[in-house]
Amino acid sequence: MTHEFPIKEIALQAGLSVATVDRVLNGRGGVRKLTAQRIAVALRELGRQSEQTVLAGRKFMIDIVMEAPSRFTEVVRQALEAEMPAMRPAIFRSRFHLREVFLVKELVTLLDRIGARGSHGVLLKAPDTPEIAAAVNRLSDRRIPVITLVTDIPTSRRRAYVGIDNRAAGETAAYLIGQWLGPENAKVLVTLSSNRFRGEEEREIGFRRALRARYPHLSVIEVSEGYGIDRATGAQVRDVLERERGIAAVYSIGGGNAAICAAFRAAKCACRVFIGHDLDADNIRLLRHGEISAVLHHDLAQDMRLACQHLMRAHGALPKDQRRPLSHFQIVTPFNLPLSSD
C-alpha cells in the first residue's frame, strides 16, 4: 500500500499495533484479511482528513459508532468530515465503525475495545439497551465522553444527546398527514427500522398522540425490524399491503423509502401522503419524482459541529456550557430542496 503517513499515525487511526501495520504495509503476510482492510480504511480516512495537518492546535482522536443503513451513515460521515476543518485550531481525527445491523453483544465488545485502546470521545448511534448503557458507563469511567446521535440512551452517563426533538417530529408528521388526507377514514402505515431505538420509539409516540388528539378517524398499522434496509423493509410492506386495504399514507420513521414506494407500485396501491426523514440520496430522488410528499430534515453538519464542541468541552478545550440545545428540523418538499442537493 502506498501512503504518506507515519506508521504510528496509521496504527493510531486503525486501532492496531505499529508492528501489525508495518507487517501489512511491507507485505510480510501472517495478517488476517480483515486487519488489512482496516489499515486500508485508515489510509483512506487519513487521506480525507490530511488537509487539517497544517493546523496548529490540540488533537482529538474520536470514534464514530453507528448502527444505521449505509445511505444514512455516509451522509453523517460527509457531514462530520466537512465540519472537522472548521474546528480549528483543534485538529480532529475520526475512526468510523459503521454497520447496518449490530448484535448488542457486538456493539458492547466494540465499545469496550475502544475503551481499552483509548479515545478522546465516541459519537454513538445505538439501541437503548441495558447492556449498551453499561458499556457507555464503562467508557465514562475511563474518562471517554460519549455523545449520543439521533437516538438517545438517557439512562447512561453519556455526556450529551445531539439530535432533534423526536416526539415533536412525530407530531409534525401526524399534522401533515392529517391535513393532507382530510376528514375521511383511512389507515396510515408507520414503518420503523427497529423498536430498540429510543429516537424512533419517541417519533412513533408523538405521531400516535397527535393522531388521537387531532385526527381520531385515522388508524395506524405498524411494521418494524426491517432495520431500514431496502430488501427487508420492502418485504414487510408488501406483506402488509396484501393483508390490509385502505392504507392511504405512510410515515417512514426508519427509512427504506425507495423499497416502500416500490411495494406500493407493485401492489397497485395509491399512497396519497408519504412523510420521511433526512435528505439522503434516496429521499432527494423520491422527492423530485413526486413519490414522497415531504421530508423532515435537520442539519447534520450543525449536529456534528455541536457534538465536537461537546467533546472539546469535556476535555477543557472550550468553556463549559450547560445548555443542551436540540437541533431544529425543517419540512422539505420538492419545491424547497436545498441547492446543495442538486
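Would you be able to tell me the number of residues in the range 7-31 that are outside any helix (DSSP H, G or I) and at pLDDT 85 or above? Result for the range 7-31: 3. Taking each residue of the range 290-303 that is touching a residue at least 12 places away in the same chain (Cβ under 8 Å) and hydrophobic (A, V, I, L, M, F, W, C) and looking for partners that are in a strand (DSSP E or B) and open to solvent by less than 10 Å² (accessible area, probe 1.4 Å) with beta-carbon atoms closer than 7 Å, six or more apart or interchain, yields ILE292/PHE274; ILE292/GLY276; ALA294/ILE275; ALA294/VAL332; VAL295/GLY276; VAL295/VAL332; LEU296/ILE275. The residue list ALA259, ALA232, ALA317, ALA263 contains one member that is assigned to a helix (DSSP H, G or I), under 30 Å from ILE147 (Cα atoms) and touching a residue at least 24 places away in the same chain (Cβ under 8 Å), which is ALA232.
Summed over the range 272-296, residues that are within 17 Å of GLY199 (Cα to Cα) and either outside any loop (DSSP other than H, G, I, E, B) or polar (S, T, N, Q) (or both) total 5. If you go through the range 235-256 and keep only what is in a helix (DSSP H, G or I) and in contact with a helix residue (DSSP H, G or I) (Cβ under 7 Å, 6 or more places away or on another chain), you end up with VAL237, ARG238, LEU241. The lone criterion from (1) closer than 24 Å to LEU192 by Cα; (2) not in a strand (DSSP E or B) left unmet by ILE64 is number (2). Of the listed requirements (1) assigned to a strand (DSSP E or B); (2) of a type outside the set (Phe, Trp, Tyr); (3) closer than 30 Å to PHE60 by Cα, ILE221 misses just one: (3). Only one of the listed residues (ALA174, ALA135, ALA210, ALA235) is more than 22 Å from the chain's Cα centre (by Cα) and open to solvent by less than 10 Å² (accessible area, probe 1.4 Å). That residue is ALA174. Summed over the range 49-59, the residues that are surrounded by 14 or more Cβ atoms within 10 Å (Cβ to Cβ) and either modelled with pLDDT of 95 or more or out of contact with any Lys or Arg (no Cβ under 7 Å at 6 or more places or on another chain) (or both) give a count of 2.
Okay, residues lined up against (1) open to solvent by 60 Å² or more (accessible area, probe 1.4 Å); (2) farther than 30 Å from ALA249 by Cα; (3) over 17 Å from the mean Cα position of the chain (by Cα):
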| site | (1), (2), (3) |
| --- | --- |
| VAL101 | no, no, no |
| ALA116 | yes, yes, yes |
| LYS125 | no, no, no |
| GLU131 | yes, yes, yes |
| ILE144 | no, yes, yes |
| VAL150 | no, no, no |
| ALA168 | no, no, yes |
| PRO183 | yes, no, yes |
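Which numbered condition in (1) crowded, with 20+ Cβ neighbours inside 10 Å; (2) assigned to a strand (DSSP E or B) is the only one that ILE331 fails? If we test ILE331 against (1) crowded, with 20+ Cβ neighbours inside 10 Å; (2) assigned to a strand (DSSP E or B), just (1) comes out false. Set side by side, the residues VAL76, VAL41 differ, and just one is open to solvent by 30 Å² or more (accessible area, probe 1.4 Å), modelled with pLDDT of 85 or more, within 30 Å of SER193 (Cα to Cα) and not hydroxyl-bearing (Ser, Thr, Tyr), which is VAL41.
The values are calculated or read from the model by the stated rules, or taken from the named source; none is laboratory data. The model shown is predicted, which means the values in this text are computed figures rather than measured ones. Ideal geometry is used to build each Cβ from the backbone, glycine not excepted, and the neighbour counts take in all protein chains shown. For the accessible areas, the whole protein counts, side chains as well, though only heavy atoms, and no ligand, DNA or RNA atoms are used. Shrake-Rupley method; radii C 1.70, N 1.55, O 1.52, S 1.80 Å.
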